[in-house]
């Protein structure tokens, strides 16, 4: 039996009677603070599984479910931001091969820990969303691919799945609808690349987590060469609300192109790091001051990484101008990504930050394709020499050239995930790099 | 000269075999069960040694090389046993900014080992790992399966002491 | 092929017609455009790992890999734009940053993918100033293959080969990132009868042949197309020799029907029978060297005596399916048609053919001869009965065969048979051995031995188990004194005619 400490002290929301801050908008996290929300009876008492009942008992057809999700304009919350309804509609209607729904719970993007709240505290919301999604795409089996390190969460989900079976929400002929569905928790074993859609599929197939060539695309040929949809935890957790309240209602939240709410996991130099749910479109300034409690120690903001370490860095000026939605962040050359925000104050050496990131990507590169395998190592070595040894101006040109040569040339975007930050740090903070040149004299 | 290993026969316990057979029923391909079976085997045998790898290969109907590919690819699988308390320090970004590297170094110092090594009494292994998904409560160390968050040097000290007493916790 | 659907694609501005669904790399090659690649191989699944085959596809802002594209109508591809050539150069650079510059000691030099592409697509100044990743070198993988993990560019061809073709699955890629290494489980020996194919397909000097290691620089090698002598599969091979003096290795030659890109390890080493240590390189009588012309004379003399006394039925000929059709034809023309010899002996080739089957589930077969079907057909067509080896030994012991002509193939396999025959002979039996191998003549100490060509020096045709007639074209001869069977019998025939003519003249 695995013993666990209460490890969510700083995972907001926290205390039982904590009221939401004015700027928060708890849609998914509405009942997060209620004890034992991971238990099915507590979840059901708050309207849990009503969406599933609505889908299977009305009954809604799979296409009607897809249409509702399309109408919500829900976009993938794992990082890519692809419209979920569209993704589901790519699955062929023919049944010559089994279909699969895979929940991507491999949360490994540095700065990201928001799925953990749902996995540990609101598993049934995700499970309900998965059953509905599987119904929509005709999948008889689904898997929660959860990163190996989240052992506690894996246990919580496993128990929740058993509860769902006992309640008749999983298994054969769910709610008398004729829809059969089996769900299984599948633990990863420590590889960031398994959070990539086809890397996850390879891993689930019992192989190294090597991403696959596209085409063919997973919707047509994915897990075991069958039609497969991979969705993020948060994306699936949003589905019950959308079914209950309608896709149109979801569009009333957020902005026109970035509908709904987003879970943000915030870390770094702020007073209140943690997980917060806000409507898309909230300004970063309000977010920082009202929700995050401002900069720690009253220091000045220097830079902000919005979407996990793979997102290009934003200057303080850009951050203060932006709103937290896909479009605004993209307009500053970055991306909303996973919503793993890291806030950096004036004391942070951004070259050292970049070096730390390069160590991460070097470690995590799967090694399958040459530009990433060799490039990630090369970038780390250059940055190491630059900061520990002698810094030369040629090193900067080289970093620019190497990172440029990695972008858009690889099987998956891990190479871009280090290359784009390298480019953005050098472009937006040249003085950080200059400092090392001056030191080297 | 190429040497072919001497492989000894190992077997899951009755409980392990029961779990193994159950796992097979959850997947539409035998190979898909490989990662869960490796977790199971590592839990039961302590490490994925040559004997264990060959056993799993037979069970899943793969070549030992195919199983070894997977074992060496994923950080959580070990070919040698780790110490009773495996201290895994997150080294990435927010934890690094919060001082995790210093905590790792000081722990190595205190235990008299280098990063990646195990103490001679088999009690502690110290490794560096990548982002554990706990950035808001940085710095974080994972001891075996459990996260210990919001560490300070003092809290870490107490944690290690309690590990030495055989009951890890932050009092 | 007739009836194959064709599509029109545009390649570098030129519209060409190619088979529908053909891999773009192959389609380009067929039309004279080389798209550089390492991991792609037409005999293996597509991996898309090396990223060398990047091309521009109209309508796509990102460069695409050609190896993952199948030709379809209206595909528009550019391989020679600046964007592509610069991308290829940087892909190559990535391959080279951690590659050890072992060229002076690497067998692959001269046929190395990195060297070749560097000269074509590289030619840049290296900017890699960091320490390279080091990995194990000279890893012994058993009897056939040596691995250098540092040279490996992780194209995974060898891994895919062991999974998809040889089905041993004994090679894998372990670890991840730039620490990734190719190898077997704990560096144990590779398995199976197809190991050296991994050396063929390795673009660099990571997997090298133990047999060929440090033997010869490849730019000194000439190539001759031939057919493997090891069994009835008849895998097409390329004989790599230096100026016709020494054969260094065999490599498989592509043949869609017979062996595709592969050959087995057993067949791989059959070339060793051709080299000097195994060879009878000059004519001998009783173990003493003598000029070839004299040897022919000696043979002619004894034959002439027997045939003059109309005792052609005392001549016995031992043959084997190691011969080409052309050699067998000359045996028939001279020995049967000209000399009226009727007594032919051989192993039970009929039974061998009937029982012929793959031994290892792939190419290597139980019939050990390259031309059993051709052999049987020749003798059946001429209605010549083939007697058994036992018949021959009986006849020899009885003394009913006094003049024995032995066409002995190369290789150890025949030695128990020829040894049996040698032991059955009476001391005064006149024996002529036409053979390339020294080992056989040692069994017949008093014999007249005439050095014939080894299999890989032959020009001719053989028929494999599928009934396919295939050509061998050596174009070289290793020893001045050795000759093809056709030449030897031709000389015999003309010396015999001369002798008879002479005799006639003298009026005896």
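If you go through region B:40-62 and keep only what is within 14 Å of chain A (Cβ to nearest Cβ) and free of Cβ contacts under 8 Å to residues at least 12 places away in the same chain, you end up with B:43, B:57.
When you look at residue C:378, is it crowded, with 19+ Cβ neighbours inside 10 Å, touching a strand residue (DSSP E or B) at 6+ places or on another chain (Cβ under 7 Å), over 20 Å from residue C:257 (Cβ atoms) and touching a residue at least 40 places away in the same chain (Cβ under 8 Å), yes or no? Walk me through it before giving the result.
On the way: crowded, with 19+ Cβ neighbours inside 10 Å: yes; touching a strand residue (DSSP E or B) at 6+ places or on another chain (Cβ under 7 Å): no; over 20 Å from residue C:257 (Cβ atoms): yes; touching a residue at least 40 places away in the same chain (Cβ under 8 Å): yes.
No; evaluated as a whole, the condition is false for this residue.
The residues on offer are C:106, C:112, and the sole one that is touching a helix residue (DSSP H, G or I) at 6+ places or on another chain (Cβ under 9 Å), crowded, with 16+ Cβ neighbours inside 10 Å and away from chain A (no Cβ under 14 Å) is C:112. Scanning region B:92-112 turns up no residue that is within 14 Å of chain A (Cβ to nearest Cβ), without any contact (Cβ under 8 Å) to a residue 40 or more places away in the chain and at positive phi.
Please tell me if residue C:306 is surrounded by fewer than 22 Cβ atoms within 10 Å (Cβ to Cβ) and closer than 18 Å to residue C:432 by Cβ. Yes, satisfied.
Reported count of residues in region B:147-171, each being free of Cβ contacts under 8 Å to residues at least 40 places away in the same chain and either in contact with a strand residue (DSSP E or B) (Cβ under 8 Å, 6 or more places away or on another chain) or within 27 Å of residue A:357 (Cβ to Cβ) (or both), is 8. Please go through region B:113-169 and give me each residue that is touching a helix residue (DSSP H, G or I) at 6+ places or on another chain (Cβ under 7 Å), within 14 Å of another protein chain (Cβ to nearest Cβ) and over 30 Å from residue A:264 (Cβ atoms), ordered by number. Those that are touching a helix residue (DSSP H, G or I) at 6+ places or on another chain (Cβ under 7 Å), within 14 Å of another protein chain (Cβ to nearest Cβ) and over 30 Å from residue A:264 (Cβ atoms): B:115, B:168, B:169. With respect to residue B:95, determine if the residue is over 24 Å from residue C:174 (Cα atoms), out of contact with any strand residue (DSSP E or B) (no Cβ under 6 Å at 6 or more places or on another chain), surrounded by 17 or more Cβ atoms within 10 Å (Cβ to Cβ) and outside the structural domain of residue B:40 (by TED's automatic domain parsing). It is true that residue B:95 is over 24 Å from residue C:174 (Cα atoms), out of contact with any strand residue (DSSP E or B) (no Cβ under 6 Å at 6 or more places or on another chain), surrounded by 17 or more Cβ atoms within 10 Å (Cβ to Cβ) and outside the structural domain of residue B:40 (by TED's automatic domain parsing).
Does residue C:247 satisfy being more than 14 Å from chain B (Cβ to nearest Cβ), part of a strand (DSSP E or B) and surrounded by 17 or more Cβ atoms within 10 Å (Cβ to Cβ)? The answer is yes for residue C:247. In the set (1) surrounded by fewer than 24 Cβ atoms within 10 Å (Cβ to Cβ); (2) within 7 Å of chain B (Cβ to nearest Cβ); (3) at pLDDT 95 or above, residue A:108 fails one condition alone, (1).
Taking region A:388-441 on its own, how many of its residues are within 14 Å of chain C (Cβ to nearest Cβ), surrounded by fewer than 20 Cβ atoms within 10 Å (Cβ to Cβ), outside any helix (DSSP H, G or I) and within 32 Å of the chain's Cα centre (by Cα)?
If we filter region A:388-441 for residues that are within 14 Å of chain C (Cβ to nearest Cβ), which is where we start, we get A:388-419.
Next, only the ones that are surrounded by fewer than 20 Cβ atoms within 10 Å (Cβ to Cβ) stay: A:388-390, A:392-394, A:396-398, A:400-401, A:404, A:407-408, A:413, A:416.
Then drop every residue that is not outside any helix (DSSP H, G or I), which leaves A:389-390, A:392, A:407-408, A:413.
Then drop every residue that is not within 32 Å of the chain's Cα centre (by Cα), which leaves A:407-408, A:413.
Counting residues in region A:388-441 that are within 14 Å of chain C (Cβ to nearest Cβ), surrounded by fewer than 20 Cβ atoms within 10 Å (Cβ to Cβ), outside any helix (DSSP H, G or I) and within 32 Å of the chain's Cα centre (by Cα) gives 3.
Considering (1) at pLDDT below 95; (2) facing chain B (nearest Cβ under 8 Å), the lone condition that residue C:123 does not fulfil carries the number (2). Here residue C:143 meets each of (1) within 13 Å of another protein chain (Cβ to nearest Cβ); (2) farther than 30 Å from residue C:352 by Cα; (3) out of contact with any helix residue (DSSP H, G or I) (no Cβ under 6 Å at 6 or more places or on another chain) with one exception, condition (2). Of all residues in region A:197-216, those satisfying the criterion of being in contact with a helix residue (DSSP H, G or I) (Cβ under 7 Å, 6 or more places away or on another chain) and touching a residue at least 24 places away in the same chain (Cβ under 8 Å) are A:199, A:200, A:201, A:203, A:204, A:208, A:209, A:210, A:211, A:212, A:213.
The residues listed here are A:193, A:161; of these, the one that is within 28 Å of residue A:38 (Cβ to Cβ), in contact (Cβ under 8 Å) with a residue 12 or more places away in the chain and not in a loop (DSSP other than H, G, I, E, B) is A:161. For region A:41-67, give me each residue that is in a loop (DSSP other than H, G, I, E, B) and over 20 Å from residue A:138 (Cα atoms). Scanning region A:41-67 gives A:46, A:47, A:48. What is the one condition in (1) touching a strand residue (DSSP E or B) at 6+ places or on another chain (Cβ under 9 Å); (2) within 23 Å of residue A:108 (Cβ to Cβ); (3) more than 11 Å from chain C (Cβ to nearest Cβ) that residue A:325 does not satisfy? Result: residue A:325 fails condition (2) only.
Out of the residues in region B:11-39 that are more than 14 Å from chain A (Cβ to nearest Cβ) and more than 30 Å from residue A:98 (Cβ to Cβ), which is farthest from the chain's Cα centre (by Cα)? Residue satisfying both the conditions and the ranking: B:14. Residue A:345 meets the conditions (1) touching a strand residue (DSSP E or B) at 6+ places or on another chain (Cβ under 8 Å); (2) facing chain C (nearest Cβ under 7 Å) in every case but one. The failed one is (2).
The values are calculated or read from the model by the stated rules, or taken from the named source; none is laboratory data. Because the structure is a prediction, the values reported are computed rather than measured. A quick note on method: Cβ atoms are made from the backbone with ideal geometry, for glycine too, and the neighbour counts reach across all protein chains shown.
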